[in-house]
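The values are calculated or read from the model by the stated rules, or taken from the named source; none is laboratory data. Since the model is a prediction, treat every value here as computed from it, not as a measurement. Here the Cβ positions follow ideal geometry from the backbone for every residue, glycine too, while neighbour counts run over all protein chains shown.
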Amino acid sequence: MHDIGKIGTPDHVLKKAGPLTDEERAVMKQHPEMGAKILSSSRVPVFRLAAEVALTHHERFDGTGYPKGLSGEAIPLCGRITAVADFYDALTMDRVYRPAFSAEKALEMLVELRGTAFDPVVVDAFVDNIATLDALRLQITRDRPTFSDLIDAA
Ligand SMILES: [Fe+2]
């Protein structure tokens with residue numbers, strides 16, 4: 001849900017196998033605000049929280065992220081947590097432009113960005129609980145309904 005704003009990003013940018021141009025990168029960087037706009041119209045508290053996550057998950061702890069360049073604890077905790085989880089999740093999945101990294105390599109890359117891209121407290125908590133988090137991800141992936149399941153249930 002944090003990337004729901006990508007619904008407004010053209011496929012030629014989303015699915016591009018090579019590096020993005022400056023113009024394409026600028027288009028991609030619109031997805032946090034687009035997602036927040038979509039989700040913040042809800043009065044349901046979990047969707048309002050999701051709007052905050054969508055808006056802040058590309059901020060960086062050192063202030064070099066986007067869209068607002070927030071730093072440190074000015075970034076809502078939900079955004080700081082999602083940034084770490086999103087980074088690890090992305091690295092450990094195949095992409096059109098590269099195969100998945102191993103969990104060990106992804107954790108190593110995460111720790112390298114402790115205190116620059118990511119909140120050190122969140123990184124430490126993530127690393128300390130990685131076995132539980134990996135088990136949860138596996139369970140969620142395994143139990144996720146397919147599109148056919150949803151259609152059959154309707
Ligand atoms: Fe994103």
Taking residue 96 as the residue in question, decide whether it is within 27 Å of residue 12 (Cα to Cα), of a type outside the set (Asp, Glu), surrounded by 16 or more Cβ atoms within 10 Å (Cβ to Cβ) and in the same structural domain as residue 119 (by TED's automatic domain parsing). no
Every listed condition ((1) more than 23 Å from residue 122 (Cα to Cα); (2) more than 16 Å from the ligand (Cβ to nearest atom); (3) assigned by TED's automatic domain parsing to the domain that holds residue 117) holds for residue 102 save (1)
Over region 102-154, the set of residues outside any helix (DSSP H, G or I), of a type in the set (Asp, Glu) and at pLDDT below 95 is none
Taking first residues from region 1-14 that are over 23 Å from residue 49 (Cβ atoms) and second residues anywhere that are more than 8 Å from the ligand (Cβ to nearest atom), the pairs with Cβ under 6 Å that are 6 or more apart or on different chains are 13/24; 13/27; 13/28
Listed by first then second residue, the pairs whose first member lies in region 39-68 and is in contact (Cβ under 8 Å) with a residue 24 or more places away in the chain, whose partner is in a helix (DSSP H, G or I) and surrounded by fewer than 14 Cβ atoms within 10 Å (Cβ to Cβ), with beta carbons under 7 Å and at least 6 positions apart or on separate chains, are 61/72
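Output the helices (runs of 4 or more DSSP H) that fall wholly within region 1-65 and possess 2 or more residues being within 15 Å of the ligand (Cβ to nearest atom), out of contact with any strand residue (DSSP E or B) (no Cβ under 6 Å at 6 or more places or on another chain) and under 26 Å from residue 121 (Cβ atoms), or say none.
On the way: elements: 11-14, 22-28, 31-39, 45-56.
Helices (runs of 4 or more DSSP H) meeting the threshold: 31-39, 45-56.
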With criteria (1) surrounded by 15 or more Cβ atoms within 10 Å (Cβ to Cβ); (2) more than 24 Å from residue 138 (Cβ to Cβ), residue 82 comes up short on (2)
